[in-house]
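Structure first, then comments.
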Amino acid sequence: MRGAVFLDRDGTINEEVHYLDDPDRLNLIPGAAEAIRLLNEADILTIVVSNQAGVGRGYFSATTVEAIHEQLAKQLFGHGAHVDAIYYCVHHPNEGCDCRKPKTGMLKQAAREHSIDTHLSFAVGDKVSDLEAGRQVGCQTVLVLTGHGEKARESLQATYFRPDYVSLDLRDAVKWIMAQKV
């Protein structure tokens, strides 16, 4: 068993564009590829877990999501980086599935399939739901202030839940994670 870093996609790795429905609209957030490359170089499993309700809402197809993930892989490869796996939920928020964050289905599935100890892992995202999913399975949590991060930080101030770290972006988050792993 080993730890991993679970990354949200939209607003964490790539720019938030509100229902990314075209691979050509995928733009990496500055420093994101470098951050993922640092995880790769440290041999830390890097897993994307992403809600893709646009499929359930009928805005685009799962085939479009796969094409976007191919574009993500291509752009990361161009920077010498890669993710080890991608899990995504296509359900409408009202469907009550077990995979849509803040539920833990995607993280638990990844943990089973990759022999991950979630208590040695980190969940990084720009929304409260990203962090809540990670917290529920025992991950340390990191809120990035890219994407919806500022809004999430404001809503967290009214709750009991505090992320383990608040970072400017994914690069800052990974530097903090690397310091914890020492």
For this session: Filter the trypsin sites (Lys or Arg not before Pro) in the stretch 1-80 to those in DSSP coil with at most 14 other Cβ atoms within 10 Å of their Cβ, and list the result.
Result: 57
Problem set entry | Computed over the stretch 66-182, Kirkwood Rh from alpha-carbon pairs, angstrom | 15.3 Å
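Using the eigenvalues of the Cα gyration tensor, what equivalent ellipsoid semi-axes result for the stretch 1-123 when each is taken as the square root of five times the eigenvalue, whole Å, largest first?
Taking √(5λ) for each Cα gyration eigenvalue gives 22, 20, 10 Å.
Let me have the relative contact order for the chain, percent, based on Cα pairs under 8 Å that are six or more residues apart.
26 percent
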For this session: Heavy atoms only, probe 1.4 Å: what % of the accessible area of the chain goes to carbon and sulfur, would you let me know?
Result: 48 percent
For this session: Rank by packing, highest mean first: peptides 98-109, 62-73, with packing defined as the count of other Cβ atoms within 10 Å averaged across residues.
Result: 98-109, 62-73
Seminar exercise, completed: Among 103/175; 103/151; 108/151, the pairs whose Cα-Cα distance exceeds 25 Å are 103/175; 108/151
Exercise. Rolling a 1.4 angstrom probe over the protein heavy atoms, how many square angstrom per residue are accessible across the chain?
Worked result: 47 Å²
For this session: Would you mind working out the magnitude of the charge dipole of the chain relative to its Cα centre, with +1 at each Lys and Arg C-beta and -1 at each Asp and Glu C-beta, to the nearest 20 Debye?
Result: 460 debye
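The values are calculated or read from the model by the stated rules, or taken from the named source; none is laboratory data. Note that this is a predicted model, so its numbers are computed, not measured. A quick note on method: Cβ atoms are made from the backbone with ideal geometry, for glycine too, and the neighbour counts reach across all protein chains shown. We work out accessible area using only protein heavy atoms, side chains counted, and drop any ligands, DNA or RNA first. Shrake-Rupley method; radii C 1.70, N 1.55, O 1.52, S 1.80 Å.
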